[in-house]
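Q: First, the structure itself, so that you have it in front of you.
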Amino acid sequence: MIICSLYEKNMIKNIVFDIGAVLVGYNPNDYAVKNNMSIDKLNKAHDILVHTKEWREYLDGNIENQEILDNLIKNNPEFSDEYKLLILKENNEHITYEIKENTKLLKELSNEYNIYLLSNITKETMESFKEIYDFVKNTKGGVYSYEAHIGKPNRKIYDLLFSKYNLNPNECIFIDDKLHNIEMANELGMIGIQYTNYNELVKKLGGKLN
């Protein structure tokens, strides 16, 4: 079990995890190769996707899955197959993978701390993760951008987490891979840990797994 010896143990009651790149990784390339899709073309489609206004709206739950897919294909028909792979719910099991050492750590921590999730994530992706992966069962709940209609690092989504579960920020550790999300967490009184890899995470938590 992790013992948070860097802090007053009794002060920390809750550990909040991001999902993407912390608990679940993203790798569509293997599936693309198996299905004779161009990795370069897939990467170009992904780069266009994440820089569109529609993607932010989709993450925040303001447009539906089919609407963003239709718009993307209309504007970039040459990437039709790539967008279907990236957007459709049924493809999440093919293009994501569980970061098992981290989900195992989450499960271990859940024996001693309340575990929550705070993620910028689409409705379809979260629904599929609940079906594919077991880590959600080891949490007390979470707040997601598609439900909150706003995402990190906006302080409102953190405040929603605090109010929904009656959490004191000073009793929370927050683990996320993005520095700007950690900076906001620290500003609000949480103890932010920027995730880089498992070993560093364990070190920063201040203990060892038995």
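Q: Of everything in region 36-61, what is β-branched (V, I, T) and part of a helix (DSSP H, G or I)? Give them in sequence order.
A: From region 36-61, those β-branched (V, I, T) are 39, 48, 50, 52; that's our starting set.
Listed by number, the residues that qualify are I39, I48, V50.
Q: Something else: Can you confirm whether region 79-89 contains a residue that is in contact with a Ser or Thr (Cβ under 7 Å, 6 or more places away or on another chain) and under 22 Å from I19 (Cα atoms)?
A: As a first pass, look at region 79-89 and keep what is in contact with a Ser or Thr (Cβ under 7 Å, 6 or more places away or on another chain): 89.
With the extra rule that they be under 22 Å from I19 (Cα atoms), the set shrinks to 89.
Yes: one or more hits.
Q: Kindly evaluate I68 against the criterion of being free of Cβ contacts under 8 Å to residues at least 60 places away in the same chain and touching a Phe, Trp or Tyr at 6+ places or on another chain (Cβ under 9 Å).
A: Numbers: free of Cβ contacts under 8 Å to residues at least 60 places away in the same chain: yes; touching a Phe, Trp or Tyr at 6+ places or on another chain (Cβ under 9 Å): yes.
In short, yes.
Q: Test L49 against the criterion of being under 22 Å from the mean Cα position of the chain (by Cα) and either touching a residue at least 40 places away in the same chain (Cβ under 8 Å) or in the same structural domain as N138 (by TED's automatic domain parsing) (or both), and give yes or no.
A: In short, no.
Q: When both residues are 6+ apart or on different chains and their Cβ atoms are under 9 Å apart, which pairs have a first residue that lies in region 81-98 and is surrounded by fewer than 16 Cβ atoms within 10 Å (Cβ to Cβ), and a second that is part of a strand (DSSP E or B) and modelled with pLDDT of 95 or more?
A: From region 81-98, the pairs are Y97/V24; Y97/G25; Y97/Y26.
Q: Which is modelled with pLDDT of 95 or more and surrounded by fewer than 20 Cβ atoms within 10 Å (Cβ to Cβ), of S128, S119?
A: On the way: S119 fails: surrounded by fewer than 20 Cβ atoms within 10 Å (Cβ to Cβ).
Just a single option satisfies the conditions, and that option is S128.
Q: Let me ask something else. Which of the helices (runs of 4 or more DSSP H) found entirely inside region 125-196 contain at least 1 residues meeting this: in contact (Cβ under 8 Å) with a residue 40 or more places away in the chain and closer than 18 Å to S110 by Cβ? It would help to see each step written out before you state the result.
A: Values: elements: 145-148, 155-165, 179-187.
Output list reads 155-165.
Q: Any idea which residue in region 184-208 is surrounded by the fewest Cβ atoms within 10 Å (Cβ to Cβ), counting only those that are small (G, A, S) and under 18 Å from the mean Cα position of the chain (by Cα)?
A: Step by step, filter region 184-208, then rank; the result is G192.
Q: Just one of the numbered conditions (1) closer than 30 Å to I68 by Cβ; (2) small (G, A, S); (3) in contact with a strand residue (DSSP E or B) (Cβ under 8 Å, 6 or more places away or on another chain) is not true of G192; which one?
A: In the conditions (1) closer than 30 Å to I68 by Cβ; (2) small (G, A, S); (3) in contact with a strand residue (DSSP E or B) (Cβ under 8 Å, 6 or more places away or on another chain), G192 misses (1) alone.
Q: Evaluate the following for D159: is it at pLDDT 95 or above, closer than 19 Å to H180 by Cα, surrounded by 14 or more Cβ atoms within 10 Å (Cβ to Cβ) and acidic (D, E)? Talk me through it step by step, then tell me what you get.
A: Details: at pLDDT 95 or above: yes; closer than 19 Å to H180 by Cα: yes; surrounded by 14 or more Cβ atoms within 10 Å (Cβ to Cβ): yes; acidic (D, E): yes.
In short, yes.
Q: Picking from E54, E82, E67, which residue would you name as being touching a Leu at 6+ places or on another chain (Cβ under 6 Å) and farther than 30 Å from E200 by Cβ? Working first, answer last.
A: Working: E54 fails: touching a Leu at 6+ places or on another chain (Cβ under 6 Å); E67 fails: touching a Leu at 6+ places or on another chain (Cβ under 6 Å).
Being touching a Leu at 6+ places or on another chain (Cβ under 6 Å) and farther than 30 Å from E200 by Cβ holds for just one of E54, E82, E67, which is E82.
Q: Right, next: What pairs can you find where one residue is in region 22-40 and outside the structural domain of M126 (by TED's automatic domain parsing) and surrounded by fewer than 13 Cβ atoms within 10 Å (Cβ to Cβ), the other is assigned to a loop (DSSP other than H, G, I, E, B) and modelled with pLDDT of 95 or more, and their Cβ atoms are less than 8 Å apart, with a gap of 6+ or different chains?
A: That search, which allows pairs on different chains as well, returns nothing.
Q: Answer yes or no as to whether K74 is modelled with pLDDT of 95 or more, outside any loop (DSSP other than H, G, I, E, B) and surrounded by 15 or more Cβ atoms within 10 Å (Cβ to Cβ). Lay out the reasoning, then the answer.
A: Details: modelled with pLDDT of 95 or more: yes; outside any loop (DSSP other than H, G, I, E, B): yes; surrounded by 15 or more Cβ atoms within 10 Å (Cβ to Cβ): no.
When the stated conditions are applied, K74 does not pass them.
The values are calculated or read from the model by the stated rules, or taken from the named source; none is laboratory data. Please read these numbers as outputs of a predicted model, since none were measured by experiment. Cβ: placed from backbone, ideal geometry, glycine included. Neighbour counts: every protein chain shown.
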